[in-house]
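The values are calculated or read from the model by the stated rules, or taken from the named source; none is laboratory data. Note that the coordinates shown come from a computational prediction; the quantities given were computed from them, not determined experimentally. Using ideal geometry, Cβ is built from the backbone for each residue, glycine included, and neighbour counts are taken over all protein chains shown. For the accessible areas, the whole protein counts, side chains as well, though only heavy atoms, and no ligand, DNA or RNA atoms are used. Shrake-Rupley method; radii C 1.70, N 1.55, O 1.52, S 1.80 Å.
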Amino acid sequence: MNILPEWTDLRFFLELARAGTLSGASRRLDVEHTTVSRRIDRLETQLGTTLFDRSREGYELTEMGQTLLPHAEAMEGAALAAAEQLGGAEVIAHGVVRLGVPELFGVRVVAPLLAGLLRSHPDLSIDLLVLPRFANLANREADLGVMLDPPTTGRYVVTRMASFRMYLYAAPEYLARHAPIREHSDLQHHDFVDYVQDRLASQELSYLNELGFTPRRRLCCTGMTAQVEAAKHGLGLMLAPPYAIPNDGSLQLVLPDFFAERAYWLAAPTDLYRLQRVRAVWNLLREHADANPQLFMHRA
C-alpha cells in the first residue's frame with residue numbers, strides 16, 4: 001500500500017462502525033449519507049480490502065474492519081489528546097463530556113454533584129444522559145458511564161466506583177393496611193413493586209430473585225423513579241438503595257438485615273480516559289462515592 005489513508009476517512013469509518021447505518025453515521029458527522037458512503041468506498045479502495053458487510057439491516061464490520069478498528073480508535077484518541085493539550089486543557093478541563101448514568105442515580109446524586117464541578121471549570125460542559133438503561137460505550141454514546149455490567153472486551157479503563165445495597169422499603173400507609181412484617185417469611189404475603197422483567201437493562205437488576213420465593217408483583221416499571229412513586233402511594237414493597245429514598249418519611253425501611261448487594265462500575269474508552277475533561281468527571285464521581293458511603297449502604 002503506497003497511499004496512507006487520510007485521518008478524516010478513518011473518522012468516517014469509526015462513526016459508521018459505531019452507528020451501523022449510513023443515516024446514523026451521517027447524523028453524527030453532520031454530512032449527507034452519500035458522503036459517508038463515498039468516503040468508505042475510498043478508504044476500502046486505498047486499503048485494498050472490504051471493511052464492512054452491507055445488508056438491508058445496515059453495515060457490519062468484516063474481519064479486516066475489526067482489525068482496523070483499534071488502530072483507528074488509537075488515532076482518534078491521539079488527535080483528541082493533541083487538540084486538548086494544544087488548547088491548554090492539561091491544566092483546566094474544557095469541552096463537552098457525555099456522561100451516561102442510571103436514571104435515578106443521575107437525578108438524585110449526579111446532577112446536584114455536577115454544579116460544583118462546573119463552577120470550578122467554566123469552560124467545561126456536561127451532557128448528562130439519564131437513562132433507563134446503561135450507556136453504550138462501544139458506539140460512543142457516552143464518553144464514560146456508570147453501569148452494573150462493566151465491559152469485559154475492548155480497550156476500556158474500568159474501576160469499581162461503589163458497592164451498594166438494595167433494602168426493602170414501604171409506605172407507612174401500606175404497612176398500616178397489611179399484616180406486620182417481623183421476619184423474612186412474612187414477606188410472602190405482601191405485594192411488591194419491581195422492574196418489568198422482560199425489559200431489564202441488566203440481569204443484575206433482578207433483585208427480587210434473592211427473596212427466595214416468587215414475589216407477587218403488583219406493579220412493574222422500566223425505571224426506578226416510577227417504582228419509588230408507586231411504593232410511596234402504597235402499592236407494595238420495593239428494593240432500593242439508600243440514595244433513592246426521599247428524606248420526607250414517605251418510605252420506611254423494612255427488615256434492615258435483608259438486602260441485595262451490587263456494585264456500580266465506572267468505565268471509559270481508553271483513548272477518551274486520557275482526556276483531562278473526562279478524568280475530571282471520573283475523579284469527581286470516584287471521590288464523591290468514597291466520601292459518602294451512606295448513599296449506598298445503611299450504617300450498622
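Taken together, the residues in the range 289-300 that are surrounded by 17 or more Cβ atoms within 10 Å (Cβ to Cβ) and either part of a helix (DSSP H, G or I) or among the basic types (Lys, Arg) (or both) amount to 2.
Could we say that residue 158 is surrounded by 22 or more Cβ atoms within 10 Å (Cβ to Cβ), under 27 Å from residue 259 (Cα atoms), modelled with pLDDT of 90 or more and within 19 Å of the chain's Cα centre (by Cα) here? No; evaluated as a whole, the condition is false for this residue.
Applying the set (1) part of a helix (DSSP H, G or I); (2) closer than 23 Å to residue 242 by Cβ; (3) open to solvent by 30 Å² or more (accessible area, probe 1.4 Å) to residue 114 leaves exactly one unmet item: (3).
Keeping to the range 254-277, report how many residues are in contact with a strand residue (DSSP E or B) (Cβ under 6 Å, 6 or more places away or on another chain) and over 22 Å from residue 202 (Cα atoms). Within the range 254-277, residues that are in contact with a strand residue (DSSP E or B) (Cβ under 6 Å, 6 or more places away or on another chain) and over 22 Å from residue 202 (Cα atoms) number 5.
Has the range 257-276 got any residue that is over 29 Å from residue 121 (Cβ atoms), under 20 Å from the mean Cα position of the chain (by Cα) and open to solvent by less than 40 Å² (accessible area, probe 1.4 Å)? Yes, there is a match, as at least one residue in the range 257-276 is over 29 Å from residue 121 (Cβ atoms), under 20 Å from the mean Cα position of the chain (by Cα) and open to solvent by less than 40 Å² (accessible area, probe 1.4 Å). Looking across the range 164-195 at every residue that is in contact (Cβ under 8 Å) with a residue 24 or more places away in the chain and open to solvent by 40 Å² or more (accessible area, probe 1.4 Å), the one that is farthest from the chain's Cα centre (by Cα) is identified as 177. Filtering the range 207-223 to residues that are touching a strand residue (DSSP E or B) at 6+ places or on another chain (Cβ under 8 Å), assigned to a loop (DSSP other than H, G, I, E, B) and surrounded by fewer than 17 Cβ atoms within 10 Å (Cβ to Cβ) leaves only 222.
Go through the residues of the range 182-196 one by one and say whether even a single one is within 19 Å of residue 107 (Cβ to Cβ) and either among the small types (Gly, Ala, Ser) or not in a loop (DSSP other than H, G, I, E, B) (or both).
Checked the range 182-196: at least one residue is within 19 Å of residue 107 (Cβ to Cβ) and either among the small types (Gly, Ala, Ser) or not in a loop (DSSP other than H, G, I, E, B) (or both).
Screening the range 36-65 for residues that are in contact (Cβ under 8 Å) with a residue 12 or more places away in the chain and hydroxyl-bearing (Ser, Thr, Tyr) and picking the one that is surrounded by the fewest Cβ atoms within 10 Å (Cβ to Cβ) gives 50.
Looking only at residues in the range 136-151 that are at pLDDT below 90 and touching a helix residue (DSSP H, G or I) at 6+ places or on another chain (Cβ under 8 Å), the one that is most open to solvent (accessible area, probe 1.4 Å) is 138. For the range 139-181, residues that are more than 17 Å from residue 254 (Cα to Cα) and either of a type in the set (Asp, Glu) or part of a loop (DSSP other than H, G, I, E, B) (or both) total 13. The residue pairs whose first member lies in the range 99-126 and is charged (D, E, K, R), whose second member is open to solvent by 40 Å² or more (accessible area, probe 1.4 Å), and whose beta carbons are closer than 8 Å, counting only pairs six or more residues apart or on different chains, are 103/130; 103/132; 103/225; 123/92; 123/94.
Does residue 226 qualify as being among the aliphatic types (A, V, I, L, M), touching a residue at least 40 places away in the same chain (Cβ under 8 Å) and not in a strand (DSSP E or B)? Answer is no for this residue.
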